[in-house]
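Read the structure below first, then the notes.
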Amino acid sequence: MSRYTDAIIAWYDANARDLPWRADDATPWGVLVSEIMLQQTPVARVLPVWHAWLERWPTPAALAAEPSGEAVRAWGRLGYPRRALRLHESARAIVDRHGGEVPSSHADLLALPGIGSYTAAAVASFAFGQRHAVLDTNVRRVLSRLVSGEEYPPKAPTKAETRLAESLVPAAAPTAARWAVAVMELGALVCTARSPRCADCPVLDGCRWHRDGRPAHTGPPRRAQTYAGTDRQCRGRLLAVLRDADGPVGKPALDVVWSDAVQRERALDALVADGLVDPLDDGRYALPGG
C-alpha cells in the first residue's frame, strides 16, 4: 500500500458524489452502461440518460432484443453516438456468450465489442471489486502531478504511466477497487485540469508538482476541441432529425438543418458508413433496424 492510499480513500469516503452506478444495489450492467456513457461526457449530462436507459433496458437481454436504432435514439444528445451501437453490440454478445450476465473476467470484458482496456478494468473493479489499475484521464492527471511533478500527462497513455499506476494499486482487491474510484474522484473534483483546488487535496504535502511550485506544462499545446461548424455538429443535427421522427424521413427534412450542402452530404455519408443511419431503397433515411 502506497503512502497516499489511506488519505485519498478517507477523502473519498467523506466527499464522494452520490451517483447511482456507485450504489450498493447497482448492477454490473448499470456500471458498464455508465462507463460507456461517461467517456468524454460530463456526469450531469449522463445522469438523466442513464436513468432512462436502465428503466427501459434493465438487463443486457432487454437491450439486445431491440433494434440497434433504438439504442441510437435513446442515446439522445450524449455525443459520440457510435458508443450506442457498441453498447448494443456488447449487449448481444453478453447474451450470446455469457447467458445474459455481464462477465466478471477482465479478459471476457475486454473481448466485448467496443470495450477497451480502461473500460474492462473499470467494470471489473467497480462492479466486481477486483484488483486492476484503472487509468482514465482523471487518474492520469492526478498521478502525473502527484508523483511525476508534471501538470498534465502525455496525450496518450504510456507504458511508464501504466507501470506507475500498477505499482500504486493496493494488494487487497477490495481496497484496490476503492482506491481506483477514489483517485478518479479526486481528479474530477479537486485535481481538475484547469483550476485545481490544491488547498482541498488530501495528499498536498506529498505532491511533487505542488512542491516544485506548480510548474506550467511544457509539452505540446493543449487545444480545446471546437464543435460549432464542424462535421461532428452537422452529424448531430442530422441524427436529431431521425431520432425525433416516428419513422423514416425524406432527404428534404435532412437538408433543411444544415446549409452547407457539401459538408452535409459528407456528414450523412459518414453516418451511413458508421452504421448510424440506414439509407432506404425509396430514398428516405432511418435509424438502423438491425
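Quick one: which residues, 5 or more positions from Glu66 or on another chain, have an amide H under 5 Å from its amide H? H modelled 1.01 Å from N in the peptide plane, none for Pro or chain starts.
none
Mind checking the dipole of region 231-286: about its Cα centre, +1 per Lys or Arg Cβ, -1 per Asp or Glu Cβ, Debye to the nearest 20?
220 debye
Expressed as an acute angle from 0 to 90° and rounded to the nearest 10, what is the orientation of the C-alpha long axis of helix 231-244 relative to the principal long axis of the chain?
Taking Cα atoms only, the helix is inclined about 60 degrees.
What does the C-alpha gyration tensor say about the overall shape of region 104-178? Classify as rounded when a/c is under 1.5, otherwise prolate if a/b is larger than b/c, or oblate.
In terms of gyration-tensor shape, oblate.
Of all the accessible heavy-atom surface of region 231-286, with the other protein chains kept in place and a 1.4 Å probe, what percent is carbon and sulfur?
51 percent
For the chain, what's the relative contact order in percent, using C-alpha pairs closer than 8 Å and at least 6 residues apart?
Once normalised by length, the contact order is 19 percent.
Among Thr119, Thr27, what's the order by accessible area (1.4 angstrom probe), most exposed first?
Thr27, Thr119
Name the residue farthest towards the positive end of the dipole of region 27-126 from the options Ala120, Trp29, Val49, assuming +1 on Cβ of Lys and Arg, -1 on Cβ of Asp and Glu, about the Cα centre.
Value computed over the given set: Val49.
Considering only protein heavy atoms, with the full assembly of protein chains and a 1.4 angstrom probe, order Asp6, Asp255, Asp96 by accessible area, largest first.
Most to least solvent-accessible, the answer reads Asp96, Asp6, Asp255.
Given a 1.4 Å probe and heavy atoms of the protein chains only, how would you sort Ile9, Ile94, largest accessible area at the top?
From most exposed to least exposed: Ile9, Ile94.
If I take the Cα coordinates of region 1-126 and project them onto the principal axes, what are the three extents in Å, biggest first?
Principal-axis extents of the Cα atoms in region 1-126, largest first: 49, 30, 25 Å.
Quick one, can you get me the convex hull of the C-alpha atoms of region 205-290 expressed as volume per residue in Å³?
182 Å³
Counting only heavy atoms of the protein chains, get the accessible area per residue of region 27-126 (1.4 Å probe) and round it to a whole Å² value.
Each residue of region 27-126 exposes 40 Å² on average to a 1.4 Å probe.
The values are calculated or read from the model by the stated rules, or taken from the named source; none is laboratory data. Fair warning: this is a prediction, and the values are worked out from it, not measured in the lab. Don't worry about glycine lacking a Cβ; one is built from the backbone with ideal geometry, like all the others, and counts go over all protein chains shown. Remember, those area values only see protein heavy atoms, side chains included, never the ligands or the DNA or RNA. Shrake-Rupley method; radii C 1.70, N 1.55, O 1.52, S 1.80 Å.
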